[in-house]
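Below: one structure, written as structure tokens.
No value in this document is a laboratory result; all are computed from the given coordinates. Keep in mind that this is a model prediction, so the values were computed, not measured. Methodologically, a virtual Cβ is constructed for each residue, glycine included, from the backbone with ideal geometry; neighbour enumeration extends over all protein chains shown.
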Amino acid sequence: MNKTLLNTKQVASLFKVDTSTVRRWSLSGKLKCSSSRGGHRRFAYKNIIDFLDVKDKNLSLDLSELNKISNTSTKNNTIEILASNALDRKYKVIESTLIKTYLQGISIPRIFDDYLDKSLELVQSMLDDKKISVAEEHISRKTISKALGHFKNAIIKDTENSETNVLCLNLENDIPDIAIDMVQIVLETKSYKVFNSGANTCIKDLKMLLNKEKYDHIYIFMCNRQCCDATVQSHFNETISSLELINNLCEEYNIKLHIGGPATNLIDDKVSFKYNKFLKFSDI
């Protein structure tokens, strides 16, 4: 995957030190890096974040170099930058914007609630107003998904030794998996081991999976955008039946069921069971 890389000068600016200090950190192994074909040091965002975790999480940073990449200043501007670059297929700008926001000390759930999800809403509104085509909306989601994968790789630590297993899934007829991927990232920041089956998951043989692996929680996300059909009239009865089946399995296997997203208000008076509800990523 083609990651965004910073050079020595940019990293020195970020940490407000001279380039010789960055070289010293690199040579001592404290700040990991790779080398270009010409022998120049290149630093991935994960290198920066891993270094901060060891050195000082409260270290004051100069984000001007990242501003040059992401070109953001205000919250509304950040949302617009995310949306416009998603439509322009510029995933590196989106990745840099997410990293910059993270380095500013904004929590990951808030980044998702206040920035990334809002950018998806902005793209949806453009589609509703017929300013973009369905294909362009799909392109934007693919771009955001790619940037989100890079962001996840930079910030998430290994959770293989976690004692808490979580299964994340989208129901059949819910195609996009950005939201459930964001749920996964939030859970992994809590050091949970997450198994993400992604979009459009068939649950008819879910029992087979539950017999093979012990899960403590199941998370389902239900959105209300045009690409999500689980709650449209033609699929609604199937969705309710699927949720009832999942709940029965959760009771059988002693698993806590969590269902979130804006479309949950459509199912609340249709399902026969109580569940743990989250409307925002910060509710997880």
Problem - Shape call, region 63-155: gyration tensor on alpha carbons, a/c limit 1.5 - result: prolate
Handout entry: Span-like helix ranges in the chain, DSSP H, alpha carbon extent 24 angstrom or more, Kyte mean at least -0.5
Key = 134-155, 233-252
Problem - Restraint check, Lys118/Lys193; Lys214/Lys274; Lys30/Lys152; Lys32/Lys212; Lys131/Lys152, Cα-Cα greater than 29 Å - result: Lys32/Lys212; Lys131/Lys152
Problem - Set Lys55/Lys100; Lys207/Lys280; Lys16/Lys92 screened for pairs whose C-alpha atoms are more than 26 Å apart - result: Lys207/Lys280
Exercise for the section: Take every Cα-Cα pair in region 165-283 and report what % of them are more than 20 Å apart. Expected result: 35 percent
Practice task
Name the residue, out of Ile218, Ile106, Ile255, whose mean-square fluctuation peaks in a Gaussian network model built on the chain with Cα pairs under 10 Å.
Solution key: Ile106
Practice task
Using amide H atoms built 1.01 Å from N in the peptide plane, name the residues 5+ places from Phe195, or on other chains, whose amide H lies under 5 Å from its own.
Solution key: Val166, Leu167, Cys168
Fill in the blank from the handout: Cross-link reach from Lys190 to aspartates and glutamates, straight Cα distance under 19 Å and at least 8 residues apart if same chain, gives Asp50, Asp53, Asp113, Asp158, Glu160, Glu163, Asp181, Asp216, Asp283
Handout entry: Along the chain, longest interval not containing exposed chymotrypsin sites (Phe, Trp or Tyr not before Pro), exposed being DSSP loop plus at most 16 other Cβ atoms within 10 Å
Key = 1-252
Handout entry: Student exercise, the chain dipole from Lys, Arg, Asp, Glu Cβ charges, in Debye to nearest 20
Key = 1680 debye
Problem - Label point distance in nm, Lys16-Met208, each placed 7 Å from Cα along Cα→Cβ - result: 5.8 nm
Exercise for the section: Have a look at Thr201, Thr21, Thr239 and tell me which one the Gaussian network model of the chain (Cα, springs below 10 Å) gives the largest fluctuation. Expected result: Thr21
Fill in the blank from the handout: Counting as exposed only GluC sites (Glu not before Pro) in DSSP loop states with no more than 14 other Cβ atoms inside 10 Å, the longest exposed-site-free span of the chain is 1-159
